[in-house]
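Visitor: Next up is a structure, given as structure tokens.
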Amino acid sequence: MAPKVKVNHRSTHRSVTLHYYNLGHRCAVEIAQQTKIPVRTIQYNLAKIRKEGGVEHRRGNGRPRKISADGNMAIGQWIRRNNEITAKEIVEKLRSTRNLNVSRWTVRRQLHRLGYKNVLPRGTPILTNEQKERRVQWALAHKDDDWTRTVFSDETSYQLFRNTIRRWSKYAQEEKKRISKNKQKIMVWGAFSIKGQISCYSFRTTMDGPLYIDILRKHLLSGARKQFGRRWRYQQDNDPKHTSRIAKQFLEDEVPEVIDWPSNSLDLNPIENMWSILKRHVEKRKPSNIRELDKTLKSDVRNIMITIALPYVNDVTHLDTLLLDFY
């Protein structure tokens, strides 16, 4: 008696049944005992062998696709001409130009077969030619910089009850999240370097030049000097409060070096990536009031900056080359 073998794949089911048939086995129960293949499967394959002489599937089985090759070519042309066209619009075009009635889901499956995916494009700054040229000149001037002694800074806002976390659900229309009518938020100034967090300060008022200087005096200088001594430099964007007369005078007196920064260049600052990650972390913690939001923010920012500061600062060292190659 042949040894018992457990078989799992359907294509193997057919070939194993044919093998036993060629050995002279005709009893489905006997073959099932030896192979652990379901009896009904063996009975089906034995009947197929007797009727057709084999177990291979005939070509052309199944319902033909509703969208023909010409229809595929038309869809491809519409996508190339306007890649923001929706599946619903394609359905309407197929109906009006080819008298073909298909569903949006059929169109989406066909687009997937053609290699297309529905994606949300990444937002990038709208730059003038003059701004692009300034970015190139900035990249040339800083391509050999030592970014490991740079302190990056930025401000952002954190809103209570944000609604950006996606969920898996079988009943998408029933998924709800309570959002307060009066959206409360706090402003945050933060700074970090390759060595980790310098400081993270939250406030509820509108920032102006004097407040900015007060934040730098209390939350930047001591941390930066602790990490680098007097060999560090400060990065900030071109916000008016940063370039005001009193801010310039303070930076000139207290900061060893301030990096010139090209305008409209949020994509160059690694702290922007930190803010994005931090906002998702904070939202998942579900703070219920401003005090909890502030506490959660300061707790998470410390952990996140420690774990991911290094990769983002290392990315900055390649930005100069990327800018030169791009423009």
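The values are calculated or read from the model by the stated rules, or taken from the named source; none is laboratory data. These numbers come from a predicted model, not from an experiment. In this analysis, Cβ positions are derived from the backbone assuming ideal geometry, glycine residues included, and neighbour counts consider all displayed protein chains.
Visitor: Only residues that are at pLDDT 90 or above and in contact with a strand residue (DSSP E or B) (Cβ under 9 Å, 6 or more places away or on another chain): list them for region 243-263, please.
Guide: Answer for region 243-263, where residues must be at pLDDT 90 or above and in contact with a strand residue (DSSP E or B) (Cβ under 9 Å, 6 or more places away or on another chain): Lys248, Leu251, Glu252, Val255, Pro256, Glu257, Val258.
Visitor: Shifting gears a bit: Return yes when Arg280 is assigned by TED's automatic domain parsing to the domain that holds Ser153, touching a residue at least 40 places away in the same chain (Cβ under 8 Å) and surrounded by fewer than 16 Cβ atoms within 10 Å (Cβ to Cβ) and no when it is not.
Guide: Answer is yes for this residue.
Visitor: State which residue pairs qualify: first residue hydrophobic (A, V, I, L, M, F, W, C) and inside region 133-152, second residue in a helix (DSSP H, G or I) and at pLDDT 80 or above in any location, beta carbons under 7 Å apart, and separation of 6 or more residues or different chains.
Guide: Val151/Ala224; Phe152/Ile271
Visitor: Quick check on my filter: what residues within region 90-114 are assigned to a helix (DSSP H, G or I) and over 14 Å from Ser68 (Cβ atoms)?
Guide: Ile90, Val91, Glu92, Lys93, Arg95, Ser96, Arg104, Trp105, Arg108, Arg109, Leu111, His112 - these are the residues of region 90-114 that are assigned to a helix (DSSP H, G or I) and over 14 Å from Ser68 (Cβ atoms).
Visitor: Same structure again: Return yes or no: is Lys295 farther than 30 Å from Asp144 by Cβ, in the same structural domain as Arg204 (by TED's automatic domain parsing), at pLDDT 75 or above and under 18 Å from the mean Cα position of the chain (by Cα)?
Guide: no
Visitor: How many of the residues in region 180-218 are in a loop (DSSP other than H, G, I, E, B) and either under 24 Å from Val301 (Cβ atoms) or modelled with pLDDT of 80 or more (or both)?
Guide: The number of residues fulfilling the criteria is 10.
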